[in-house]
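Structure first, commentary second.
The values are calculated or read from the model by the stated rules, or taken from the named source; none is laboratory data. Quantities reported herein were computed from a predicted structural model and do not represent experimental measurements. In this analysis, Cβ positions are derived from the backbone assuming ideal geometry, glycine residues included, and neighbour counts consider all displayed protein chains. We work out accessible area using only protein heavy atoms, side chains counted, and drop any ligands, DNA or RNA first. Shrake-Rupley method; radii C 1.70, N 1.55, O 1.52, S 1.80 Å.
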Amino acid sequence: MNYITENPNAALTDGMHLLVDALKINGVEAIYGVVGIPVTDLARYAQKAGIRYIGFRHEQSAGHAAAISGYLTKKPGICLTVSAPGFLNGLTALTEATINGFPMIQISGSSDRNIIDLQQGDYEGLDQMNVAKPFVKAAYRINRPQDIAIGVARAIRAALSGRPGGVYLDITTAMLSTTMDVHEAQASLFTPVDPIPVQIPCSTAVKRALKLLSGATKPLVIIGKGAAYSQAEGQLKEFIEKTGIPFLPMSMAKGVLPDDHPQCAASARSLVLGQADVVMLVGARLNWLLNHGKGKKWNPNAKFIQLDVCAEEMDSNRPIEAPVVGSICASLDMILCKMEPFNIRCGEAWMKSINAVKQANAEKMQQKLNTPTEPMNYFNSLKAVSEVLQDYKDIYLVNEGANALDNTRNIVNMYHPRLRLDTGTWGVMGVGMGYSIGAAVTGGKQVLAVEGDSAFGFSGMEIETICRYRLPITVLVLNNGGIYRGDEKGQGQNGDPAPTMLMPEARYDRLIEAFGGMAFHVTTPEELKEALSAALASKSPALINCVIDPSVGLESGHIGNLNPHSTVK
Ligand code: OXT
Ligand code: ADP
Ligand code: MG
């Protein structure tokens with residue numbers, strides 16, 4: 001329902017109502033934010049107009065919720081913030097969305113331009129648009145209500161087209177209260193046509209890639225979260241199964257094809273990176289997560305094919321022998337269509353050597369999973385989690401921490417696309433509750449968030465948000481009492497705890513009790529299984545405090561080599 005239908009006799013509307021109408025006709029279903037001057041009424045009007053408003057305790061979590069909603073739906077997630085401090089609180093998430101390639105729009109109220117520009121000390125005064133610019137894909141300001149429709153359309157296009165990303169949309173207090181003729185206002189509204197234009201790759205580029213692949217003896221496909229975002233699972237399945245080529249999923253791409261697929265090489269990672277002679281990247285960048293495509297992890301003679309919508313990504317870290325610039329689905333469609341004459345078929349010997357390593361690593365892993373310890377460690381606790389999840393293969397798994405992240409990624413298999421939501425390209429802590437809330441609201445499925453105790457602390461107050469909206473989210477805090485581990489002794493003279501220390505005896509379960517959610521405190525795998533089963537069956541807010549041995553975590557998890565004084569480079 002828009003302003004005219006709701007107020008048939010009104011001659012005028014204003015910026016605030018018109019913005020709600022513009023969001024509504026552009027299909028915005030939810031806004032994630034924190035209200036205050038000057039956007040409180042905006043949230044009220046949006047709610048009244050049928051847009052779901054989810055109010056958070058901190059803008060960063062609201063931003064993460066919007067970002068993940070964008071990733072899951074290919075529609076920009078919307079975050080609403082107040083001026084200056086609220087804007088800045090949301091900016092980390094907006095930047096994170098840009099780095100990850102998730103479409104998101106942060107709409108922020110801003111104070112009086114005349115006072116800000118002369119630095120005369122306005123209430124929450126900050127030159128927000130210019131502050132945002134270096135961190136986002138695009139930043140726009142709407143100064144007049146008659147520009148709202150265009151401003152929103154520009155924000156949507158910028159967020160969605162090419163490589164998706166974060167867009168900042170500045171709305172001034174003055175604009176929100178400026179009136180205009182209601183009929184002219186309604187007539188200005190529109191929805192942008194084809195905001196994600198399909199980019200068809202050049203057929204020469206596709207043939208070049210197929211020729212390279214046809215000469216490979218040890219081919220490898222690396223599937224990244226760009227492929228997950230593109231919803232390319234159908235084409236990828238066909239390509240992988242027709243060619244017999246092994247695939248390595250990046251963290252958030254786990255489940256694009258199921259982890260138990262016979263061609264999945266996740267548990268033979270070092271082998272495939274070290275030996276593959278032709279590597280086809282599908283929506284994955286050669287950034288730090290792939291050692292920039294060089295160094296001792298990689299076969300120095302490997303040649304690369306890269307499928308990406310972003311032309312300047314090619315050669316960003318090393319030469320790409322066969323760049324295929326285009327939308328992933330369109331590129332894979334063309335590859336499937338043109339591949340027959342190239343007769344691409346992965347040799348048996350390559351798959352056999354991969355299978356041998358997979359089996360050896362699986363046996364090593366089984367041994368760790370099956371070794372009981374007291375207190376629990378990451379392996380026996382996550383084995384319990386993985387067993388319970390066999391009955392919940394279709395729920396979101398949000399995951400952050402260091403050891404809590406790396407071990408969950410390797411122990412808990414994913415079976416469906418876009419269900420694993422984690423720290424992503426930046427390795428950032430604090431996404432946990434925002435992602436959980438955004439996924440639950442957007443996807444309508446229940447969520448399990450597996451959190452390190454430090455990671456949880458970054459957004460823990462959103463437990464109240466989860467309880468307020470009665471969302472089906474279970475938070476499992478793997479509590480080892482610290483960042484990486486919880487047994488370090490402080491080295492100062494005054495008895496202060498070590499920099500990595502948190503409180504090992506902390507009872508995170510008591511937090512959720514304060515808001516009426518289900519609380520569990522567990523110390524054995526059996527208790528964990530029971531608690532997790534009950535929590536997931538309830539489909540209501542729950543938190544499990546799971547006591548992990550403080551001495552078992554690795555410094556920085558699997559990326560300890562990145563520490564300046566690490567000896568494992
Ligand atoms: O082939 P090989 O032999 O090599 O074996 C590999 C696989 O084949 C094999 N494997 C398997 N074997 C058997 N079975 C299965 N299923 C299987 N699967 C795999 O296992 C090995 C390893 O495989 P993997 O993991 O795939 O490979 P590898 O080499 O590890 O992969 C490399 C990476 C880089 C791709 C991968 O590790 C990865 O994706 N890593 C992401 C790392 C990351 O982003 N970490 C988060 C950041 S850490 C740090 O920065 C933290 N901070 C600082 C901070 C941050 N981040 N943000 C902000 C805002 N402020 C501060 C903080 C505060 S973490 C952190 C909190 C930590 O404390 P918590 O309490 O929260 O957490 P705990 O650590 O639990 O205490
Ligand atoms: P991962 O961390 O899983 O390796 P990255 O975020 O590094 O994945 O890479 C994702 C890549 O996917 C980005 O380079 C981005 O440009 C690309 N991408 C995203 N959406 C599409 C799309 N629809 N078509 C083609 N490429 C895409
Ligand atoms: Mg910890």
* Structure fact -> G274 fails exactly one of (1) within 25 Å of the chain's Cα centre (by Cα); (2) open to solvent by 20 Å² or more (accessible area, probe 1.4 Å); (3) farther than 20 Å from V325 by Cα; (4) small (G, A, S), namely (1)
* Structure fact -> When M129 is run through (1) without any contact (Cβ under 8 Å) to a residue 40 or more places away in the chain; (2) in a helix (DSSP H, G or I), the failure sits at (1)
* Output for the stretch 228-255, where each listed residue is open to solvent by less than 10 Å² (accessible area, probe 1.4 Å) and within 16 Å of ligand 1 (Cβ to nearest atom) -> A228, P246, F247, L248, M252, A253, G255
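Mind telling me which of the residues A66, A49 ends up being touching a residue at least 40 places away in the same chain (Cβ under 8 Å), crowded, with 24+ Cβ neighbours inside 10 Å, in contact with a helix residue (DSSP H, G or I) (Cβ under 7 Å, 6 or more places away or on another chain) and within 23 Å of I150 (Cβ to Cβ)?
Answer to the check: A66.
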* Restricting attention to the stretch 72-83, which residues are more than 19 Å from L421 (Cβ to Cβ) and open to solvent by 10 Å² or more (accessible area, probe 1.4 Å)? -> V82
* Asked: Given the stretch 459-562, what strands (runs of 3 or more DSSP E) lie entirely inside it while holding 1 or more residues that are in contact (Cβ under 8 Å) with a residue 60 or more places away in the chain?
  -> 473-479, 542-547
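This table checks each residue for (1) open to solvent by 40 Å² or more (accessible area, probe 1.4 Å); (2) in contact (Cβ under 8 Å) with a residue 40 or more places away in the chain; (3) polar (S, T, N, Q).
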| position | (1), (2), (3) |
| --- | --- |
| K218 | yes, yes, no |
| G283 | no, yes, no |
| A302 | no, no, no |
| S327 | no, yes, yes |
* Asked: Can you name the helices (runs of 4 or more DSSP H) wholly within the stretch 339-452 that have at least 3 residues being among the polar types (S, T, N, Q)?
  -> 348-369, 378-389, 403-411
* Scan the stretch 378-394 for residues that are surrounded by fewer than 21 Cβ atoms within 10 Å (Cβ to Cβ) and under 21 Å from G430 (Cα atoms) and jot them down. => none
* Between a first residue in the stretch 379-405 that is in the same structural domain as T523 (by TED's automatic domain parsing) and a second residue that is open to solvent by 20 Å² or more (accessible area, probe 1.4 Å) and charged (D, E, K, R), which pairs have beta carbons less than 7 Å apart while being 6 or more apart in sequence or on different chains? -> F379/K368; A384/K529; E387/K529; V388/K529; D394/K445; I395/K445; Y396/K445; N399/R409
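Which members of the stretch 314-325 meet the condition of being in contact (Cβ under 8 Å) with a residue 40 or more places away in the chain and assigned to a loop (DSSP other than H, G, I, E, B)?
Hit for the stretch 314-325 is E321, nothing else.
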* Asked: So, of the residues in the stretch 467-495 that are more than 16 Å from ligand 3 (Cβ to nearest atom) and more than 23 Å from L448 (Cβ to Cβ), which turns out to be most open to solvent (accessible area, probe 1.4 Å)?
  -> Q493
* To do: Return the total of residues in the stretch 257-271 being open to solvent by 10 Å² or more (accessible area, probe 1.4 Å) and aliphatic (A, V, I, L, M).
  => 2
* Is it true that some residue in the stretch 428-444 is open to solvent by less than 10 Å² (accessible area, probe 1.4 Å), under 14 Å from the mean Cα position of the chain (by Cα) and within 16 Å of ligand 2 (Cβ to nearest atom)? -> yes
* Structure fact -> Result of the Cβ filter at 6 Å on the stretch 79-95, keeping first residues that are on the phi > 0 side of the Ramachandran plot and partners that are open to solvent by less than 10 Å² (accessible area, probe 1.4 Å) and part of a strand (DSSP E or B), at least 6 apart or interchain, is none
* To do: Identify, from the list A205, A209, A139, A159, the residue that is within 19 Å of K24 (Cα to Cα) and open to solvent by less than 60 Å² (accessible area, probe 1.4 Å).
  => A159
* What are the residues in the stretch 235-251 that are within 18 Å of V309 (Cβ to Cβ) and of a type outside the set (A, V, I, L, M, F, W, C), if any? -> Q235
* Being away from ligand 3 (no atom under 16 Å from the Cβ) and closer than 16 Å to S61 by Cβ is the filter; apply it to the stretch 399-425 and report the residue that is surrounded by the most Cβ atoms within 10 Å (Cβ to Cβ). => L421
* To do: Would you mind telling me which numbered condition in (1) in contact with a Pro (Cβ under 8 Å, 6 or more places away or on another chain); (2) of a type in the set (V, I, T); (3) within 30 Å of S551 (Cβ to Cβ) V388 fails?
  => (1)
